[in-house]
Structure formats: structure tokens, C-alpha cells
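As C-alpha cells, the structure follows; a few thoughts come after it.
The values are calculated or read from the model by the stated rules, or taken from the named source; none is laboratory data. As the structure is a computational prediction, the values presented were derived from the model and not from experiment. Methodologically, a virtual Cβ is constructed for each residue, glycine included, from the backbone with ideal geometry; neighbour enumeration extends over all protein chains shown. Heads up: the accessible areas ignore ligands, DNA and RNA and are worked out on the full protein's heavy atoms, side chains in. Shrake-Rupley method; radii C 1.70, N 1.55, O 1.52, S 1.80 Å.
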Amino acid sequence: MKAIKYLFISLLLLFWGNSCSEDFLDLQNPNQLAESSFYKTADDFEKLAITCYMPMAFSNMYGSSYLVLNWAMDDRVIHEQFNTQNLQFDATLPQVRDIYYAIYTGIYRCNLFFQKYNDKVPLSEQRKNSMFGEVHFLRGLYYFYAGFLFEVPPLLKEPYVPNTYYPNSTQDSIYNFAEAELKEAVNLLPVSWPSTEIGRATKGAALAFLGKLYLYRQMWSQAAATFKQVMDLGVYELSKPVAQDSLDYVFAYLANFSKMDLPTKNAVYKAENNKESVFEIQYSTKYTDSDGRAGKYLPGRRTTGSFLTWYNSFINGFKNIAMDDKKFPNEFEKPSSHPAGLTRDPRYYATFIWVGDTLDFRTNSPLHNQVLQVSQLNSSLGSRAGMRKYLYPFHTEYDFAMAPYVDPTNWRLMRYADVLLMYAEAKFRETNDGTEPTALAAFNEVRSRVGLAPVAALTKQAFIHERDIEFACEHSRYWDLVRWYQSGWLTIDEVRQFKPYFQPRNVCLPIPLDEINNMKGVLKQNPKWLS
Amino acid sequence: MKKCKSAGNRLLGGLILWLTCGSLLFGQQLVTGTVTDAQDNSPLIGASVYLKGTTIGTTTDVDGKYSIQTTSPSDVIVFQYVGYQPQEVQVGDKKVINVALAVESKLLDELVVIGYGTVKKKDLTGSVSVVSAAELKKSNMTSLGSALQGRAAGVIISNTSGNPGASVSIRVRGVGSINRGAQPLVVIDGIPVGTGGGALTGLNPEDIESVQVLKDASAAAIYGTEGANGVILIQTKKGSSGAPVVTFRVQSGFAQLPKRMDILNADEYCNYYKAAYEEYNRTHPQAPRTMPLAYTPERRAEFGNVSTDWQDLITVNQAWNQNYYLSASGGNEKATYMLSGNYLEENGVLITTWRRALSLKANTDFKITDKFRIGENISFGTSQNRNQADQQGNPWVTAAIASPLMPVYNPDARGGYQGPDEYITGTNERTNTYAELMLNKNTGRGNSFFSSLYAELDLLKGLTFKNSLGLMYNNSRGTTWRPVYDLAQRSNPTNFLQESSYEGTKIVWDEQLTYTNQFGLHNLTATAVHSMQKSHSDYIQASNANFQYENLQVLGQGDPLSAAASQFKGDVRFESYLARVLYDYNSRYFLTASVRRDGSSRFGKNNRWGTFPSVSVAWKFNEDLLKSLTWLDMAKVRFGYGQTGNADIGDYLYDAYISGSMEHVYTLGSPERAVFGAAPFYNIPSPNVKWESVNMTNFGIDVNMFGNKIQASIEYYNKLQDNLLVQLPLPLISGMSGDATPPWVNLGKMHNRGLEALVTYKHSAGNFRYEITGNITTISNKVDYLPAGDIIQDYNTALVGHAIGAIYGYVAERILQESDFVTDQNGHAVMNADGTYTPLFPKQQDRTSPGDIKFKDLNKDGVVNELDRTLIGKVIPDLVYGLTFNATYKAFDFSFALLGEQGVDVYNYYRSRAGLASGDNTSKDENKLREVLNYWTPDNPVKNQTRISITDENNNGRTSSWWIEDGSFLRLRDIQLGYTLPENLSKKLSISRLRVYAGATNLLTLTKYSGYDPEVRSSDILNTNIDGGNYPVPRSFTFGVTVDF
């Protein structure tokens, strides 16, 4: 019958799909690269190693959050985040969370590198050594930050395993691991790189941070010996003026904070990756993400919220930073005689820009005859001085298009002046001898670069003063105060002369609340932050 | 099949009548009589009385009387009245004909669409809500989603925004998922089109014949892995055989903001901050702050002492809209058709926002032979809109907090507007939101095409094979343009253009075999279906910047170095088999059983297929047990159980990926060069990922009484949700939480239980006839298990043992008074040298002072910290209810609809920002609500406002119960009054019907909530009931005319 035939055909139609179902339902993600096709070639591992550098540059870290938090905590900088400046914050402060995340992102990537690497990867022995050195260096560096900022966060030597809860570690085990990593890096890293690779970690960088770690642990002799090794490498020197002109004195120093090289009539002072640079976070405006803002993945510091760039600070910027214009200026020396005839420490001119000051010291600059207007400062910050250090170069000359969002200037994480002063301090505390010649020489080398007379003997006060001036607005100040408080140089009342609302808990940051919640009671808040 | 004569026959009849009417005059006779209601014998006024097959007719008067001239004894008089069964009487030799019309019981024989078939409404075994075209007509809404609000028990529809064209959030019987899609599947004319309010966008209520919501799993199981959140089945209007009907409707009206916030003006603002700085400096002797000069009279005078009301600037007083609809339908026994077109223009109450939409629709059905039928349904819609532009902050909030000292315009600035400038506005650098709305453009265009074809063949007696193919195509374009403009601190120095394009196609192919037969008293319908679905989507976004000519807004004109592009593709496939049996014995005992087997590309390889069974039974027990109760028309009990799944879980969750190198660039070398990296594990793999499952039982009783005047049903449902997808959290130390998708596991458990009741009462007294329908829904939701423990977000949470979405925070007790601190002999709190006060209560912050909020030390450890947080608000209402009233009196009709929610909270973030005297953490001297002027001081120890400051040192603005408000409301959702021209008048105008009407929407809302609108919902349960400055749903007034030809 005809109808039976239709029925048969339709039943057949109804169920024919079955045979091809599995193929029909099996789809490949067209948007992303499957993990199974990765971690095979040398190039894959080059890519992985490079990602280990990035978290330092994230907006969570030196891209923005770390900068903002440290300027707000710095007693020489006035920041409009009053509560943070008055140390009135807790474990919910977003910047604290950001920094914690950035540090552990770096650690995760380094851990993953070691986990995924195997001998089948075609890499030359030399490249393998240096690559391992870089990753060990970075893992050591991240753990150094984890140790001094958070004291007791977890210690992970392997990549995170989902659904696992990691308990607190101790500051000692964090520091011990960081020390081992940096030592490994010292052994593996080259002293220098060819010009195409500048920016990668070097032996000197690993030694300098190892020394700083010893200094933070008050291991004076190890610190001094390690800094000595950096000095003995012979590849670093201060950016010194070539002529005894005032502009040379200012620019030789300012070149350490500039994107562009700074010219005087006598010389051009190299800026980024110069001889004084030991390790820099490399920034650029060249590659940005689609929303035009950098910092998350990309090179370039996001500067919304800081007194950084030409564009933001003067035309319409977020004027949320100014300088302490009451106490701090008096800290700068007024030399009775200076080789260039300056009446103040040259660093004074590099640190402050006052209302009425020229915007640019270069006489041929179109901005030379423009001065800072009072309207360009935030009157509620109650200061008549801005921060000049990071104004160089002016973006009108560099890459105006990206200026509002991105500051492409490298962040100098370690400069040779710091190595010299830390060496001197470590040696002084080791020997307790204010006239120990190598310490005195290192200390005075930093002073002579700016044309100041040498000191005859080292004292606690001399170190506190010199670091205050030399590293003004460089994120050193607050943690120096903490370090000196913890090592007995400053009492809590002395610290409070600088930071009136300082509490014992403020020697570190709280572990972010989000993370304590994530860890379901396994991770505890640092006891210092519990009351 | 309807009993109507075909159009051809009627036309022929009419012609014959016209040709012969002269010769038939001798047989004429006057017939009179009364038309009454069969139930209560009350006269029916305005009933139409006409000679069948002619245009000769009249209507009854106020006593129900009529008189009509007949032409021959063979004439048939037709008596018709809306809502009653028509009657036909042959004249014969009668001179008086009295008729009593019975109330139409057609409602009971109404067919309900249940997916892959229909049943009579009275024979339903599962839980299905039905909303008819007649009800939709009573709504003034232009979108289907809003029109359905409050009209179906168990279905909670909420507005998410007042933006023209904004979609609604729809939840059927509680919350179906924690993290994944929780909105019901929408099926239009048998084709599954998508989920939730988005799938309803663009549907015109006028085109809808009926809406069914499959609520329980025994009904929804037929949709397997797409049925877990309920299914909305929409039938669009089809033509019916008979004379062509042409309908034209024009509607116009306007919308306005129902409420304004009371914000400080410039004088109040300056005085307020003068006091705030003085107070701050008094308590911070070691770190005083200088008040910005901008707040001084001298500086203000420089700028003309402006006082800008931003709220006023960004809103439109009367946002007009208009809506035109034209349709034609008709057909004969072989073919029917329905064509319609609609044009809609709507303006938003926020300046610059608008939407325009045009849609056309056609469907036809053909009987090729007695056994073979084909048909199609095609619609095409196109729309354009302008949405709220990208803003540096939400405009509603910014309008409250921006400085009133900022002038709106500045002719010297590029763009013409003044922005926040420290010199003029001090620390307050909140943007000129009016300028940003005007300058920045965010426009969209969209086209949607829907088509379905079917062919149906009767193979044997009762056996039908149907093959249908659905094809959908959507594209949308979005354009964002930002010109260069100067707004001082909020300037945009670089112009920017972004174009985004989305394209989606979906093909659904169903083959269905249906067998229907009757064996004595046994009725059987069996259905088997094979279905395949394939969708593809492709999203492309491109942008460029630095355009030399701002009038030339095409991507190629920007700076090539600034050009950027991205793309995202998606593919989803389903394949399903299903079988269902509908059986009843003697129309008293019912059984429905179904099973569906679904496979999907979304599930991990280990779990590609799932099986979803269901069974439900019903018993009409009145004829067995209560036959003596004559007033009882019908009584039925129902029980159902079924399993469904939720496949709305996202694509490709099962695999692990590396994120692309373009996102990870570092620079090395001198000169700089880019080095690309790769971030590992962008997705943590979840190879076992599968659908979320629902096990649901449903128990219901339906009763019709007193000649179906009262119809009631009540049901209880228990919905157990298992295998809910939960993301194992990636802690910060994983190093991946920013970039990566954490792994998904099917481990969560949750349940929703509740009662739904629906009662309809109809009554007619003379010319006055009315109908009241009320519905009530209760929901009790609880999270039963979460594998990785509680989920706590900034506001909303998922806590085991509690309802999902509950708001979490501190418990605010009261305002701290001086006596809460160490006091001197006069009873005044003693300020220490550093400006602090010594508390006599558990420590909160270092600088907690009198006038701050006291938070509860819940764990009594002497410190108020994050451990002292608890549940402070609920986001799922205890009770949702709706009431509709429809009445007619003579030519007038009147209707209103109420909508209410009880037992729900709203977190008023807006007020925590703008209504807090103690400043905020950013210390931006934001403008405030006027209520802050009554700030706490020792001399004014108020209990509802904090002390004054410029920075919130006690963190009074933290998430706490201080900002929780009762979000219960009762809203007059719709009200409409219509007048239909009497038939004798409209006939003179050569039209068959003319109705004019006026209505209002959201005319009245009774609530204690202090914000713009208590209905603050989002479709994301973990980010809902937070009033962060939502676009308020406006109040609107509507006027319209409908004409049928």
C-alpha cells in the first residue's frame, strides 16, 4: 500500500541522523589555541618566558596600582587618597588585591615554565641556561616582593592546582626560597646582553636584588658582599655630568627618570637602559590593546590618576599628586660651594616644579618660557609644588597621540646609585664603623655625582637623609622607613614624625580579603592586621 | 475547522441577494424581540442582530429589544454578542423572536499549544500558563515582554532598564541556575529561537495569537536540555477562512520620569563643603586639608555663580512615541493568509536615546490535497536605535554627584562644553554627563529574519508526518563614535570610532510523526520527533582613532597605526530524539508520558548525550465523585514529574586553551622591539562538563464553577536542581584569576518550591460585564550544595542554606552618639590630640568618631571586621501577584492591571554614594542628595544621617544594612479606557469597527523605596537588586485608534 510506503520512508528519515551524530556534535573552538598543541617548540618556551616578565609591568603593579599605593603612602608626596595617605585602609583596598594578584601571576608563570619544560624542547645549552636564569631571577624577584609586602602569603613552587587551598607560609621560608632562586639566577645569567635583547635580566640584576634581600633580612655581611660583587662586575656606573654646568648636573641625574635622552650643550645623557640602570621594567607605547589603554597586558604605564605626563599634568590631567612643599624642601642641602655654582642640591631642581618654574629647562624648548600655573595644581592638596622627576620627556616631543593614557617611560626598578647606598649601609651596619673606607667611598660617590661635598663619616642620619633625597618619589621612602623601624634605627614615634598615623601593622600590607575568602579558612590574615 | 463560509460563497451569496432584492420585497416582514442573557435573563444591550448572508442588521437597545425587516420566511437571523455563543433562528412565520444567549464556553475547548502538538485546555495534565491575544490587547505596551508582565502565574517578568527597546528578565518558577542562563526557552511557531527577554525583542503584541508558558518539568521535558528554565511558546496570528479583515491601529503617547531626586544646588553645595573641610581639619590637626578655592564666593562669581541641575539636563519631560499597525487576513477552505506591518518610534526619557523599528510579517497555509498541507511563516524586522553613550560613569549617578558649580557650556572649548576643572569645580572631577551624552554617539542597527516552512502529510487514518524547517538570520551593527572634545579633566584628546558587527544564523529541522486515534472511550495521541539544530555566530569589531576629518566617520580615515580589530566565532549544535504519548479514557482519566534524548556540542566528550523522561496524570473527579454538585462544572487533579536540562552553559567549556600572543606584548632591545608572549591556560579544561538538571514535581487542582463563572486553579511545585555548573574559584595565587576562565564542575544543588494560584471571576449585570483575574506566586529558593563553598561577591551571594542572590554585608545598628566614646564631665566625647576618639564599643576603624554608623560585632570578638558580615537582604520576592480587571459597559471598555511584589529588598547604592554626609573614599567632594544637610553634630544628634566629612574614614559607605531598603511595591501597570463606535454609526463610515482608547502605564507605584524605582532587576542573579543608577522605567500615557475594515 502507498501509505505503508510513506510510513516506511518517513520512519527512515526520522532516524537517519543517528549515524553521523558524533561528527555533527564534535566541534573545534575557532577562537583559541588548544593547549594540546602548545609547549613543544623553542619558540613556545620563549613566549612563555617573556610572559614571566609581564606581571611586573601590569597595571596591577608598576603599570598603576603599585605606583598609586606607594605615592599615597609616601610622606614626601601628597596624594588625594587621604585615607590611604593616612594609612587608613584595610584588606579590602583594591590596590592591595591588585598587587597580590600581579605578584602571584608572575610566580604562576615561572612555575609553569619549569613544569612544562622538558629535554625534548630543542634549545641550545647556552639559551637554555640564560632562559632558566631569567625565570629563576623573576621567580626570586616576585617572592622578594611577596615577602616584604605580605610577609606570610603562601609559598608555591609548582603551578596552582584547582580546588586546592594553600596555607600561609612564613616570611623566612619565602625569603629563603627567593634567595635560592636569585642565587641560581646569578649562576646562569649573562653579565650583559646584545643590544637587541636589552631589558632581559642580567647577573648584576640578580646580585643586586639578592643583596637587597639580605639587607631587608638584616644579614649585613652577606648584603655587603653581594653588593660588592655587583660593583666588581665593572659594567655599571652612575650617570655623571661631563661638564660643570648646572644643567649637566640636573640632567645627568634626571636622565634616570626619562624616556628620551637629555641633551645639554656638552653632552647627551642617555636615559633608558643607561650605565646606571641595573634592572628596568620595559615600557613602550608601541603596542596597545583595543581600548587604547595599556598596562593590563601591554607595555606602557597607565597614568590616569598620577602626576606623570606632560599631557595629564598640565592640560587637563588628574591632578591628584603634589609634593610636600613644607618640610621636604628644607631637607635638600644648600651647599656653600658647588662646582656649577648651584645654591641647592641639584636633585632639588629635579624633584620639584614650583608655581612659576619653567616647564622645561632646555632653553631651545617651546615650553621653556611657559611656567607652572597655580591652576595646574590641585588646590585641595594645599601644595604649590608638583613632581618634576617623571615629567621628562614632554610627550609633545615623543608620542602625543598616546599621551593621555600611556606613559612609555621605563620604570627603573634598580639603579646603581641604590646599589652603592645599600652597600654602604650594609657595610656600615656590619662594621658599625662610620669611616669604613669602601662604604664611605660608595656613599660619597652618589653625593659627588651631584657635586656635593663628601661626608667625613657615615651616620644613621646621613643614610636617612641621603636616601630620602636621592630616591625621592621612587617608592623607596616608605619601605625604607619600615626597614629602619624594623632594624631598630627608628622608633615608632620617630616614624610617626613622618607618617603621623603609622601603626605596627603598617610594616606590611594585609593579605587581600578576597583571597582569605577564596581559601576557605586555610589561609589566615597576617596577625598584625587582625586588630 | 471553523464553520464559516468561504469568502467565495459569501461573495456569491451577496451578489445574488443584491441582484434579486428588488423582486423579493413582497415577502418582507417586521420581526421584533428581546435578547437576554440565558443565565440571569438580563437584557443584552448592543447585541448585533442581522440577516445571515446580508448586510442588513441592527443592534439591541437599552432594554435588549430590537426590530428588523426580513425579506422572506427562509431568512435566518443571527444574534451575536461578544462573549456569548451566537444563535441563528429561521424566521418562518414568527413575528416575535426572543432569544437567550448563553455565555461562551469556548474557553474550555480552547486549544493549548504544548510543544510538538496541542491539547484542549481542560485536558491539560501539566502546568501551562496561557495569555491570549485579547489580554495582550489590554496592555499599552509595545513590546511583548513588558505586555506579559504580571499576567501569568509563576512567571516573573521584570524590567531591567527604561531604555527604549530594553529587554526584560524572565524567570519561570524561581531561579533556575546560579551561574549560567536562567531564562526560559522561547519557541515561536514551533521553532526554538533563543532564551529570555532578548528572544522576545521585536515581537509586536498585535501579531500574537497566544502565549503559553510550560512551567513544570512534565510539560517542559519535551524540550529536554533546553527546558530547565521553562518554555515560552508563542503562536503568531494566522488567517482564517472568511471575509478579509483589515485592521489599522495608530497609537501615540509620551513617557516621563516618574520621580526626581532632590540634589543640592550650588549654594548648598559650597556651604556644605565649607563645613565639611572645617570639620575635617578640626579632627586632623596633624594633616589638615585646604578647601579648594573654587567653593569661595569670589571664585564662583568669576563663573557667573552658576548652579547646574544635571538631572534636569539629562532627562526629557515628554518623550513621545508612536506606533502604527496594519494587518490583513482572510482566506478560503484551500488557503488562508495573514499579513501585517508595524512601525514603531520611541524616545527615551534620557536625552539622546531613541529607537525606531519596522517589521513585516506574512504567513499562509495551503491545503494542496485533503491529505497534504503546506505553509510558511516569514517575518522581517529592521530597527535603529541610539543608546546611552559610553560615559565616564553612569549618567544617572553622575548627574547626582557632579559639581553644580560646573557651567554646562564653554564656547571656547572644543566641543562647546565645560568640563570639570580644578579651578572651577575644585576636587570634584566628575564629568559633564550632559556633554558626554550629546557628543558621544552609541548607535545600533539590526535586522532579523525569521522563516519557517512546513509540509504535513496524512499517511494513514490518524497518522500524520510533518517536516518543518526553520531558518533564522540576525545581524546587528553597533557604532560608537567619540569626537575630540575638551572637558578639562575629562577631555577626550583622541577621536575614536568603533564598528561592531554581529551575524547569527540558526537552522532547525524537525521531522515529526503523529498518530491520533480513538478506540471506544480511549483516546490516544502518540508523537515521535527527530530534531537537529545548528547555529553559527560571528562577531567582528574594528576600531580606529585619530581621524583627520571628524565628519568623515569611516574606519579607513583614521590613523592606520591606531587601527585595531577583533573577532569571535561561535558554533552550537544539538541533535534530539523524542517520543510522547497522550492518552485519556472517557475524557476523565489522563496520562501524558514523554522521553527526550539530547546531544549537544556544548557538553564535554564524556557526557555528550542525556535522557529526559517525564510523566503526568490527571483525573476529572467531579463526574465520578461529585456528580450531585450541579454548580461544579469541572474539577480536576493533576500530578506530574519530569526531568529537564539547561544547556545554556556556554560553548567549548570542556577544553584547555592558550591565550593569543597579541594580548601579551613586551618590549626588548635598543631600539625597542616587540616580543610576543603567550599566557597559558586561558581556560582551565572541564572535560566532564554537561547540562544542569532539574527534577520537578507538580501537583495541581483546577475547578470551574457556576457555569464557568469562576475558574480557579492552584498548584504546588517542587523544583530540585542538580548538577548546577559552578566555577571552582581561582584564588589570586593561581595567578590566573584575571585572564582565565576557572574550571566548571556540575556539582551545585538548589531548589525552588512554591504555590501558584489563579482565579478568574466573570460577571455580567445588564450591560455591565466584567472579568477579574488574580494570580499569586510564592517562591522559596534555597541553595543546597556548592562544591567550593559559598560564593560571595561585592553584594550578592550564593550561600548554602539560603536563597540565592542574597545580599551580604555588615549589620548597621545606629548612629554612634557622643556617649559611645570616652566623655568628659559634661558628657561630651573627648577628642584626642590626633583627632581620634576613644570608643567604648568594639573597634571599627582607627578614626571612628561620633556620628559614624555603628556596625554590629556579630562574632563578638571585640573588633568589627569582615568576619562580622552576614545576610542583610533578599533579592527573590516572597510573593509576586498580579490582578487584571476587564469590563465593558455598552460601548465602553475599561481595563487595568496591577502588579505587585512583596518581601524583597533593594540595595540602594545610589544613596550610599549620594546620600552619605561622611564623604566617600575617593574624596572627590561629590555632590549629594539634599538629605545630607541634616548631618549629625553633637547639637543635632540625628539617627538617620552621619557626621559630615570629606573622606569616609569609618567606611560608612561599606556594603551594609544601612543601604538596604524594602523593595516591595504595588504598581498600576496598565490602565486603559476604550470606546467602540456603535455598529450603526460605524457602518455609515463604511467600517466594521472603530475603537478609540486612552491608557497609561506605570501610572502609580506604591512603595517605600526611596530611589527612582524599586524594580531593580538584572538577569544575572549574582548581580541583581543593586540600584547603581539604573535607567528608570518611565511612566507613559497612550492614545490610540483601531479601525477594522
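Remarks
- Breaking point among (1) open to solvent by less than 10 Å² (accessible area, probe 1.4 Å); (2) under 47 Å from the mean Cα position of the chain (by Cα), for B:H284: (2)
- Checking each residue in region B:899-922 for being open to solvent by less than 50 Å² (accessible area, probe 1.4 Å) and of a type outside the set (G, A, S) picks out B:L899, B:E901, B:V904, B:D905, B:V906, B:Y907, B:N908, B:Y910, B:R911, B:L916, B:D920.
- Qualifying positions in region B:325-342 - of a type outside the set (A, V, I, L, M, F, W, C) and either open to solvent by less than 50 Å² (accessible area, probe 1.4 Å) or at pLDDT 95 or above (or both): B:Y325, B:S327, B:S329, B:G330, B:G331, B:T336, B:S340, B:G341, B:N342
- Within region A:45-56, considering residues that are open to solvent by less than 20 Å² (accessible area, probe 1.4 Å) and within 7 Å of chain B (Cβ to nearest Cβ), the one nearest to A:V121 (Cα to Cα): A:L48
- Test set (1) open to solvent by 20 Å² or more (accessible area, probe 1.4 Å); (2) modelled with pLDDT of 90 or more; (3) under 21 Å from B:D267 (Cα atoms) - B:D421 fails condition number: (2)
- The residues of region B:174-191 that are more than 24 Å from B:Q727 (Cα to Cα) and either of a type in the set (A, V, I, L, M) or open to solvent by less than 10 Å² (accessible area, probe 1.4 Å) (or both), listed by number, are B:V186, B:V187, B:I188, B:I191.
- Only residues that are part of a loop (DSSP other than H, G, I, E, B), farther than 17 Å from B:V904 by Cα, touching a residue at least 40 places away in the same chain (Cβ under 8 Å) and open to solvent by 30 Å² or more (accessible area, probe 1.4 Å) were counted across region B:788-804, and they come to 2.
- Taken across region A:367-376, residues that are outside any loop (DSSP other than H, G, I, E, B), buried (at least 16 other Cβ atoms within 10 Å of the Cβ) and within 14 Å of chain B (Cβ to nearest Cβ) do occur, with at least one present.
- Residue within region B:621-637 that is open to solvent by less than 10 Å² (accessible area, probe 1.4 Å) and at the interface with chain A (Cβ under 10 Å from one of its Cβ atoms) present: no
- Meets criteria (acidic (D, E) and modelled with pLDDT of 75 or more) for A:E397: no
- When the residues of region B:841-895 are filtered to those that are acidic (D, E) and open to solvent by 30 Å² or more (accessible area, probe 1.4 Å), the one that is farthest from the other protein chains (Cβ to nearest Cβ) is B:D878.
- Conditions (1) modelled with pLDDT under 95; (2) away from every other protein chain (no Cβ under 12 Å): number failed by A:L141: (1)
- For B:D412, the conditions (1) under 30 Å from B:L929 (Cβ atoms); (2) open to solvent by 10 Å² or more (accessible area, probe 1.4 Å); (3) of a type outside the set (S, T, Y) all hold with the exception of (1).
- Tabulated pairs, region B:258-279, first farther than 15 Å from B:R930 by Cβ, second in a helix (DSSP H, G or I), C-beta under 7 angstrom, 6+ apart or interchain: B:K274/B:Y295
- The conditions of being in contact with a Ser or Thr (Cβ under 6 Å, 6 or more places away or on another chain), in a strand (DSSP E or B), hydroxyl-bearing (S, T, Y) and within 22 Å of B:A647 (Cα to Cα) are met by B:S169.
- Among residues of region B:484-516, those that are closer than 30 Å to B:L459 by Cβ and of a type in the set (F, W, Y), counted: 2
- Those residues of region B:425-462 which are in contact with a Phe, Trp or Tyr (Cβ under 7 Å, 6 or more places away or on another chain), hydrophobic (A, V, I, L, M, F, W, C) and not in a helix (DSSP H, G or I), in sequence order: B:F449, B:L457, B:L459
- Considering residues of region B:751-795 that are within 28 Å of the chain's Cα centre (by Cα) and within 14 Å of chain A (Cβ to nearest Cβ) only, the residue modelled with the highest pLDDT: B:Y795
- Residue tally, condition surrounded by fewer than 16 Cβ atoms within 10 Å (Cβ to Cβ) and under 13 Å from A:S383 (Cα atoms), over region B:287-296: 2
- Residues that are of a type in the set (A, V, I, L, M, F, W, C) and modelled with pLDDT of 95 or more within region B:530-541 comprise just one, B:I540.
- Some residue of region A:152-167 being open to solvent by less than 50 Å² (accessible area, probe 1.4 Å), in contact with an Asp or Glu (Cβ under 9 Å, 6 or more places away or on another chain), outside any loop (DSSP other than H, G, I, E, B) and on the phi < 0 side of the Ramachandran plot: no
- Residue in region B:962-985 that is under 30 Å from B:F892 (Cβ atoms), outside any strand (DSSP E or B) and touching a Phe, Trp or Tyr at 6+ places or on another chain (Cβ under 7 Å) present: no
- Any chance A:D98 is facing chain B (nearest Cβ under 10 Å) and buried (at least 22 other Cβ atoms within 10 Å of the Cβ): yes
- Single condition B:E511 does not satisfy, out of (1) within 11 Å of another protein chain (Cβ to nearest Cβ); (2) assigned to a helix (DSSP H, G or I); (3) out of contact with any Asp or Glu (no Cβ under 9 Å at 6 or more places or on another chain): (2)
- Scanning region B:835-844 for residues that are in contact with a helix residue (DSSP H, G or I) (Cβ under 9 Å, 6 or more places away or on another chain) and part of a loop (DSSP other than H, G, I, E, B) yields B:G835, B:T836, B:L840, B:F841, B:P842.
- Helices (runs of 4 or more DSSP H) fully within region A:169-269 counting 3 or more residues that are open to solvent by 10 Å² or more (accessible area, probe 1.4 Å) and aliphatic (A, V, I, L, M): A:171-188, A:220-233
- The criterion of at least 1 residues that are of a type in the set (D, E) is met, among helices (runs of 4 or more DSSP H) falling completely within region B:46-155, by B:106-109, B:133-137.
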